[in-house]
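Contents: one structure, followed by commentary.
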Amino acid sequence: MYDLIFECGTVIDGTGSPGFKADVGVVADTIAAVGDLSQERAARRINASGLMVCPGFIDIHTHTDITALANPLMDSTIHQGITTQLAGNCGLCVGMALDEPRFALERRLSRGTRRFSWSSLSEYLDCVQDQGIATNFAVLAGHNTVRKRVMNMEPRAPTSDELDAMKALVAEAMDEGAFGLSTGLEYTPGRFAELPELVELARVAAEKGGFYATHLRSEADGLLDSVAEALAIGREAGIPVQLSHHKAEARRNWGMVDRSLAMVDRACAEGLDVALDQYPYTAFMTGMWLRVLPEWAQKGEADEMIARLADPEERRRVLEGIRARNVDWDLLQIAVARGHRELQGRTVAEIAKERNADPAETALDILIAERGMASVISFDMSEEDVRKVMRHPLTAIGSDGVSTTSYGRLGEDRPHPRSYGTFPRVLGRYVRELGLLSWEDAVRKMTSLPASRIGLERRGVLAKGNVADLVAFDPDTVIDVATYSEPHRFPAGIQYVVVAGTVVIDDGIHTGARPGRVLRRGQAGL
């Protein structure tokens with residue numbers, strides 16, 4: 001007797017092998033059979049005729065640690081077919097932050113989350129599990145958060161004692177379940193770290209069986225040097241490397257991914273374990289201060305930065321630096337401005353024109369009004385680059401988004417549409433419409449490829465004995481629907497999503513179930 005049978009679907013098993021017609025039987029939380037189950041009994045049968053049935057998608061790059069305690073239903077994530085997500089990327093890990101002033105960024109990003117009541121990553125993960133969540137949830141140890149705990153925002157190399165303290169924190173996080181170490185070397189204070197520090201911390205993660213995921217020091221003019229740095233860390237620390245959301249920003253750098261991908265190929269040929277992840281959009285989202293201000297003007301805490309922008313002489317220097325960068329204000333759209341919601345969805349150029357003001361001055365005024373915490377979407381990537389990176393066999397799909405929702409405090413934000421549409425967009429646009437990938441290879445990039453990088457042995461492949469994390473989608477209709485102007489829109493064509501044997505998306509509707517599990521490195525049954 002099966003608890004659930006998907007019958008008459010096309011199974012895409014996640015390995016890249018050709019799809020085949022079969023039934024899939026589930027008992028409790030496990031895939032119990034794949035084959036002809038037409039004569040078997042089941043508590044429920046789902047007619048999957050015309051649908052593709054595959055492993056639940058694994059989002060290798062998210063920031064859902066920001067919203068996990070505010071949105072346990074994981075609406076935007078589960079509706080994409082994502083059943084497992086890895087958070088704590090780009091050097092920031094909310095679960096390692098403390099309820100102290102120096103973690104103001106983590107607190108402000110986590111709007112809607114209850115007080116930071118935990119004192120360790122393990123306690124944070126317990127909080128997530130205790131409330132119940134719709135998807136499986138795993139994390140990386142964030143270097144920026146680790147550095148803040150030991151050195152605050154100090155713009156220098158650590159002392160020997162400080163380095164030892166950071167290594168101890170990484171080791172503790174790995175022992176408590178983190179799957180590796182992430183860095184955000186474009187952000188403060190991560191940008192102050194030099195190669196010896198990064199190698200030492202990555203070596204700790206390697207000794208614990210983890211991998212190194214990095215938001216590179218530059219994804220624009222310094223892309224190639226930054227890739228070289230990441231590869232050097234991998235070699236010296238003896239750790240697998242994951243290049244996060246790989247891209248080349250700014251028109252002058254379009255096409256540079258040819259050279260960065262060649263660097264990856266050479267490193268792999270030399271025996272280094274390197275892979276990449278990517279979201280399928282030509283715009284990225286980041287803090288407005290990062291996109292607008294010269295690097296020297298970003299230093300310090302948010303209050304220090306704002307004071308600098310308000311000082312007439314310092315402001316003049318900042319404006320000179322901004323104008324030297326030739327920012328295209330028509331390509332910079334305000335995404336989140338929590339104190340001035342009327343600005344969201346509008347470009348800096350539009351706002352400046354309405355105010356009859358200079359765009360650079362307008363950008364600084366917005367930063368001051370938002371106490372430094374505005375974010376922007378920058379339309380500064382090449383579609384051809386997106387396709388080149390996506391075709392690379394080592395590229396997994398990752399949203400770089402958060403689990404969010406259209407209601408409550410989270411619904412007031414205007415996020416990047418990747419939080420709602422990444423995986424369906426790959427399937428609908430890049431497989432069905434453009435033929436860039438086959439169904440089988442696209443599913444591999446969403447399932448077994450990220451599973452192998454993270455170290456999930458019973459997920460990512462649809463096979464007997466594996467965990468029953470499943471998605472059934474309509475290949476004729478699957479597509480993203482979220483847009484930059486209306487991001488809070490669920491995709492089309494994701495009909496059923498099952499997490500650990502429980503149906504969470506039932507004929508396109510969220511059941512309210514929260515069967516997800518917190519996954520910790522080293523635990524049985526991953």
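The values are calculated or read from the model by the stated rules, or taken from the named source; none is laboratory data. Note that this is a predicted model, so its numbers are computed, not measured. Positions of Cβ are backbone-derived with ideal geometry, glycine not excepted, and every protein chain shown enters the neighbour counts.
Computed quantities for the displayed model
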| read-out | value |
| --- | --- |
| Of the criteria (1) farther than 17 Å from Asp23 by Cα; (2) touching a residue at least 12 places away in the same chain (Cβ under 8 Å); (3) not aromatic (Phe, Trp, Tyr), which one Ala472 fails | (1) |
| Residue in region 239-259 that is farther than 25 Å from Glu383 by Cβ, surrounded by 21 or more Cβ atoms within 10 Å (Cβ to Cβ) and small (Gly, Ala, Ser) present | no |
| Pairs where the first residue, in region 59-76, is touching a residue at least 12 places away in the same chain (Cβ under 8 Å) and the second is part of a loop (DSSP other than H, G, I, E, B) and acidic (Asp, Glu), C-beta under 7 Å, 6+ apart | His61/Asp400 |
| Extreme residue, farthest from Val402 (Cα to Cα), among residues of region 281-314 that are of a type in the set (Gly, Ala, Ser) and in a helix (DSSP H, G or I) | Ala310 |
| Spans of strands (runs of 3 or more DSSP E) in region 446-526 with at least 2 residues buried (at least 24 other Cβ atoms within 10 Å of the Cβ) and not β-branched (Val, Ile, Thr) | 470-473 |
| Test: residue in region 368-389 that is in contact with a strand residue (DSSP E or B) (Cβ under 6 Å, 6 or more places away or on another chain) and within 28 Å of Gly14 (Cβ to Cβ) | yes |
| Test set (1) touching a Gly at 6+ places or on another chain (Cβ under 9 Å); (2) surrounded by 20 or more Cβ atoms within 10 Å (Cβ to Cβ) - Val336 fails condition number | (1) |
| Conditions (1) out of contact with any Lys or Arg (no Cβ under 6 Å at 6 or more places or on another chain); (2) surrounded by fewer than 21 Cβ atoms within 10 Å (Cβ to Cβ); (3) among the acidic types (Asp, Glu); (4) more than 15 Å from Phe379 (Cα to Cα); number of the one not met by Glu314 | (1) |
| Identity of the residue in region 12-35, crowded, with 22+ Cβ neighbours inside 10 Å and more than 13 Å from Thr502 (Cα to Cα), that ends up nearest to the chain's Cα centre (by Cα) | Gly14 |
| Per-region count, region 480-497, residues under 21 Å from the mean Cα position of the chain (by Cα) and under 30 Å from Arg458 (Cβ atoms) | 5 |
| In region 315-330, the residues that are assigned to a helix (DSSP H, G or I) and in contact with a helix residue (DSSP H, G or I) (Cβ under 7 Å, 6 or more places away or on another chain) | Arg315, Val318, Leu319, Gly321, Ile322, Arg323, Trp329, Asp330 |
| So Phe20, is it free of Cβ contacts under 8 Å to residues at least 40 places away in the same chain, out of contact with any helix residue (DSSP H, G or I) (no Cβ under 9 Å at 6 or more places or on another chain) and hydrophobic (A, V, I, L, M, F, W, C) | yes |
| Yes/no for Gly16 being in a loop (DSSP other than H, G, I, E, B), in contact with a Lys or Arg (Cβ under 8 Å, 6 or more places away or on another chain), at pLDDT 95 or above and not acidic (Asp, Glu) | yes |
| Single residue of region 435-445 satisfying the filter (under 13 Å from Gly19 (Cβ atoms) and hydrophobic (A, V, I, L, M, F, W, C)) that is surrounded by the most Cβ atoms within 10 Å (Cβ to Cβ) | Val443 |
| Counted residues, region 227-260 - those being within 22 Å of Ile454 (Cβ to Cβ) and in a helix (DSSP H, G or I) | 7 |
| Matching helices (runs of 4 or more DSSP H) fully within region 346-433 where at least 2 residues are among the charged types (D, E, K, R) and under 23 Å from Thr214 (Cβ atoms) | 383-391 |
